[in-house]
1. Check which residues have an amide H placed less than 5 Å from Gln174's amide H, if you skip close sequence neighbours.
2. Can you compute the equivalent ellipsoid semi-axes for the stretch 105-150, i.e. the square root of 5 times each eigenvalue of the Cα gyration tensor, sorted largest first and rounded to whole Å?
3. With an 8 Å Cα cut-off and a minimum separation of 6 or more residues, compute the relative contact order for the stretch 135-201 in percent.
4. For the chain, give the share of DSSP beta bridges that are antiparallel, in percent and rounded to the nearest 5; count only bridges with both residues there.
5. Can you give me the Cα centroid spacing of the stretch 157-197 and the stretch 105-139 in angstrom?
6. Please list the non-local residues whose amide H lies under 5 Å from the amide H of Met74, H modeled 1.01 Å from N, same-chain partners needing a gap of 5 or more.
7. Relative contact order for the chain using alpha-carbon pairs under 8 Å, separation at least 6, rounded to a whole percent?
8. So which residue, out of Thr148, Thr171, Thr129, gets the largest mean-square fluctuation from a GNM of the chain using Cα contacts under 10 Å as springs?
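Every read-out reported here was derived from the displayed coordinates using simple, explicitly stated rules and does not represent laboratory data. All figures in this text were calculated on a predicted structure; none of them were measured in a lab. Positions of Cβ are backbone-derived with ideal geometry, glycine not excepted, and every protein chain shown enters the neighbour counts.
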Amino acid sequence: MHPDTTALLVIDVQHDFCPGGALAVADGDAVVPLINAMLGDYAVRVFTQDWHPADHSSFADNHSVGEPFSLTEMPYGPQVLWPRHCVQGSDGAAFHPALETDPADMIIRKGFRPQIDSYSAFFENDHVTPTGLEGYLRSRGVTDLVLTGIATDFCVAYSAIDAARLGFKVTVLQEACRAIDLDGSLDKALSDMRAAGVVLA
Ligand code: VGL
Ligand code: ZN
């Protein structure tokens, strides 16, 4: 059992990021049994859910130009245009059916503002709009975080780097994560995480 000051974060283990989903990540569902087996070892368990309105600006089909997986420029910086995924209330936005969600103390939804994406569980992609997760963790006395889930190179990496910047001691369990790996994004995410002081286990 880990100390009460350590939280397990389970990032976006949802239908749409698993094989057969709208933004399927290779082998994404492989993380489910590993995470289920770990939940009992943590006193604080937080799950995140990517949760977009139908008119979300990260969806390629909401733009007149731009193919899925291409880059566009948003007021807050560059943004990948994604296939429509994790629409609020859809089957694709549901957690993977085999994921044990009953042990979650807290489920935080992100990406619900139409005009801005939110990869990180802590801040939206402008890096300043908070989700509220920092306050939740601090008020529970959490100092250390263990991250798992999908996708290693987007939501897991952004969450890990923000958490490290906020002063949490962060470990990413690579075995319990899977990556999209778009144009070298995994290698870049791994080196960015190392540079931020994240432990890659
Ligand atoms: C994610 C792309 C778009 C993720 C979410 O969970 O990593 N990636 N939305
Ligand atoms: Zn998304």
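1. Answer set, sorted by chain and number: Ala201.
2. 20, 12, 10
3. Reported relative contact order: 37 percent.
4. Percentage antiparallel, nearest 5: 20.
5. 16 Å
6. The answer is Gln79.
7. Once divided by the residue count of the chain, the mean separation gives 24 percent.
8. Of the options given, Thr129 has the highest mean-square fluctuation.
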